[in-house]
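To start, the structure under review is shown below, and the notes come after it.
The values are calculated or read from the model by the stated rules, or taken from the named source; none is laboratory data. Note that the coordinates shown come from a computational prediction; the quantities given were computed from them, not determined experimentally. Cβ: placed from backbone, ideal geometry, glycine included. Neighbour counts: every protein chain shown.
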Amino acid sequence: MKAKFLSANSKYHFAWWDTQEVSAGTTRNHDANRPRQPFTIVPFEGKALSINDLFSISSNDTMHFAWYLEPDSKKFDSAASYLWVCAGPSTALGAKRNWYPSVLPKEARRDNLLFITSNNKAHFAWYQKGDELWVGKGSSDNLAKEKAVRCELPPNVKVGFILFMATDDKKHFAFLKNGTYLTGSSRKLEHVPPAIYDLEEVLEISRC
């Protein structure tokens, strides 16, 4: 079993597993408070989706959001795609809001979009621009409402070191491949001791 996505709200950090299960806990142990339980995903235009079809899952105190990149076969650019989102409780993604389209920041594309995170105030689209991490901010149907900003990382951390990202009402979290994590604002993420997390499946992935 592997953690496919991580997310957070003001109460818990969540791990979404490739077995299509979700658990809840802390930054250091993502199943400390609630053991893994199965969840469903509402079909997209009649097509059944699994966790492996999703681009990301994000969370706030009200709902959990599933993000899906739909390939657009009508366009000549095979990399073009549409971003869709649905929302519901952790055990039934899309039960409260069925799929609806979302807008990405202008410079975010399928090939450089990295993560989407959420809190009670906004949703965030994290993407790579050159060697830099950038983030757009907005509503679930428009991730480009506010001007995108560059997020500063520690000198020894590259964008490619980030395995997962999550957001709560106070800060953003970037979980790195070496088992540590960064916290901070959308403009700057840094190590804050003791910034380690105990998620064996993720650590196994980082050693591959």
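Below is a table of values for the structure above.
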quantity: Cross-chain or 6+ apart pairs with Cβ under 7 Å, region 94-112 first and closer than 15 Å to V159 by Cβ, then outside any strand (DSSP E or B) and modelled with pLDDT under 95; calculated: D111/A79
quantity: Single match in N142, N156, N178 (criterion: modelled with pLDDT under 95, over 26 Å from A24 (Cβ atoms) and not small (G, A, S)); calculated: N156
quantity: Candidates E45, E21, filtered to the one that is surrounded by fewer than 20 Cβ atoms within 10 Å (Cβ to Cβ) and in contact with a Lys or Arg (Cβ under 7 Å, 6 or more places away or on another chain); calculated: E21
quantity: Filter result for the condition that a residue is surrounded by 14 or more Cβ atoms within 10 Å (Cβ to Cβ), in contact with a Cys (Cβ under 7 Å, 6 or more places away or on another chain) and closer than 26 Å to K171 by Cα, over A8, A66, A87, A3; calculated: A66
quantity: Scan of region 150-165 for residues that are in contact (Cβ under 8 Å) with a residue 24 or more places away in the chain and under 18 Å from A108 (Cα atoms), ordered by number; calculated: R150, C151, E152, V159, I162, F164, M165
quantity: Any strands (runs of 3 or more DSSP E) falling wholly within region 2-119 and containing at least 3 residues that are over 14 Å from the mean Cα position of the chain (by Cα) and under 26 Å from A195 (Cβ atoms); calculated: 21-25, 34-38
quantity: Failed condition for A195, given (1) over 23 Å from C86 (Cα atoms); (2) modelled with pLDDT under 95; (3) under 18 Å from the mean Cα position of the chain (by Cα); calculated: (3)
quantity: Number of the condition not met by L163 [criteria: (1) outside any loop (DSSP other than H, G, I, E, B); (2) at pLDDT 65 or above; (3) out of contact with any helix residue (DSSP H, G or I) (no Cβ under 7 Å at 6 or more places or on another chain)]; calculated: (3)
